Amino acid sequence: MTTIPSTFRAFVAERLDDDRVERGVREFAASDLPPGEVEVRVDWSSVNYKDALATIAEGKVARISPIIPGIDMAGEVIASDDPAFRPGQAVLAHGYDLGVARHGGFGEFTRLPADYVVPLPEGLSARDAMAIGTAGFTAGMSVAALEERGLRPGDGPVLVTGASGGVGSTAVAILAARGHEVWAATGKADEESRLRSLGASGILTRDEITADSARPLESARWAGAIDTVGGATLPYVLRTLRPGAAVASSGNAGGPRLDTTVLPFILRGVALLGMDSAAMPIDARRALWKRLAGDLRPRNLGEGISEVTLETLPSALDGILAGAARGRWVVRVGA
């Protein structure tokens, strides 16, 4: 027997016969949720670029219709068939097919497979967890990957591109908290003060990192990098990394095409590390969340966060599509 009410409030996107997508808050039937061992009351979610794509006709990420978007969620277990979880336990979930092919976090209740569920680490509230969310998790994953490859504080400057967005700003905050010299690249001149408050030592403009260059290699500047943009930015990063350095790549807001040469790889031994947070196995996911509550905790976590409700969610979705993201949006779902 389910403990989820027969209907509950959710923000739903549905593709119509004319290929338009209708979106908004409505009552959703619990019987339309997929099976799963753990039932959760969702208190908080967050807003990601993929969530916004799931609500527009040209987004091409949603694989079911109607769908409750939301690739992140945090809340409380209300029932569980798995002994690892108990009613009243604080949990979170993100990634896998949530908000894409399985109903996600923009609804008051959900049902999840047990191996999607992460116990909320001690030291994080549900709101804190969503202030981190998939974006911050990807940032933490990127920092961990660079450090596992040998990057240490004091090795030299570390570049973060797309630093105004969710992944980028959290990466700046984590790197700075761990003692790295962080340089933030952004196309938003009015973000300099906020990025410096997160710990950025220096700022680069978008033009500086996207300018055309006929040279396959430039002055070796960066001891490491986190690229959230792709497009013309990633080739710049590759040709300016120091010998043996690496870049963790997680975004394609600047475009998916990569125009580079093999020379950074064969003459400087640089590495391009792909960050796929959606598919990370659950044991590794749970372990990284513990680190995000501990040694990878972002500086100033929870500060400067924009908060919306299910009713005001469209403004955040439209804003992130328009490139107006400044840090993170969290969604108060049922708290």
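Structure above, values below:
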| read-out | value |
| --- | --- |
| Computed [θ] at 222 nm, helices only, for the chain once each DSSP H run of length n ≥ 4 contributes -39500 (n - 2.57) | -7500 deg cm²/dmol |
| Potential extension, Leu263-Asp82 segment - 0.36 nm per residue separation minus Cα distance | 60.0 nm |
| Where N is the number of residues in the range 129-209, Cα Rg divided by 2.2 N^0.38 Å | 1.01 |
| Set of lysines near Lys188 by C-alpha distance (under 25 Å), chain-local residues within fewer than 8 positions excluded | Lys50 |
| Bridge type composition, the chain - antiparallel percent by DSSP, nearest 5 | 55 percent |
| For the chain: relative contact order, % (alpha-carbon pairs under 8 angstrom, 6 or more apart) | 19 percent |
| Net charge of neighbours whose Cβ lies under 12 Å from the Cβ of Asn300, counting Lys and Arg as +1 and Asp and Glu as -1 | +3 |
| Debye, to nearest 20: dipole size of the range 147-284, +1 on Lys, Arg Cβ, -1 on Asp, Glu Cβ | 240 debye |
| Low-density loop positions, GluC sites (Glu not before Pro), the range 109-152 - DSSP coil, at most 12 other Cβ in 10 Å | Glu122 |
| Environment charge at Pro35 (Cβ cut-off 13 Å; Lys +1, Arg +1, Asp -1, Glu -1) | -3 |
| Distance (nanometres) between label positions extended 7 Å along Cα→Cβ at Glu22 and Asn252 | 3.2 nm |
| Pair Ile64, Ala324: separation of 7 Å Cα→Cβ label points (nm) | 3.2 nm |
| Percent accessible area from carbon and sulfur atoms, the chain, protein chains only, probe 1.4 Å | 50 percent |
| Thr7-Asp190 pseudo-label distance in nm [points 7 Å out on the Cα-to-Cβ vector] | 4.2 nm |
| Sequence-separation-based contact order of the range 153-271, relative, with Cα cut under 8 Å and 6+ spacing, percent | 23 percent |
| Positive-pole candidate from Met141, Gly154, Ile4, dipole of the chain, charges at beta carbon | Gly154 |
| Probe 1.4 Å, protein heavy atoms only - accessible area per residue of the chain in square angstrom | 41 Å² |
| Relative contact order (%) - the range 77-231, alpha-carbon pairs under 8 angstrom, separation at least six | 19 percent |
| Cα centroid of the range 24-101 to Cα centroid of the range 301-317, whole Å | 17 Å |
| Solvent-accessible ranking of Val25, Val330, largest area first, probe 1.4 Å | Val25, Val330 |
| Accessible surface of Trp329 - all protein chains present, 1.4 Å probe, nearest 10 Å² | 40 Å² |
| For Ala220, net neighbour charge (Lys/Arg +1, Asp/Glu -1) across residues whose Cβ lies under 14 Å away | +3 |
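The values are calculated or read from the model by the stated rules, or taken from the named source; none is laboratory data. Quantities reported herein were computed from a predicted structural model and do not represent experimental measurements. Don't worry about glycine lacking a Cβ; one is built from the backbone with ideal geometry, like all the others, and counts go over all protein chains shown. Each accessible area value is taken on the protein alone, full model and side chains, heavy atoms only, with ligands, DNA and RNA left out. Shrake-Rupley method; radii C 1.70, N 1.55, O 1.52, S 1.80 Å.
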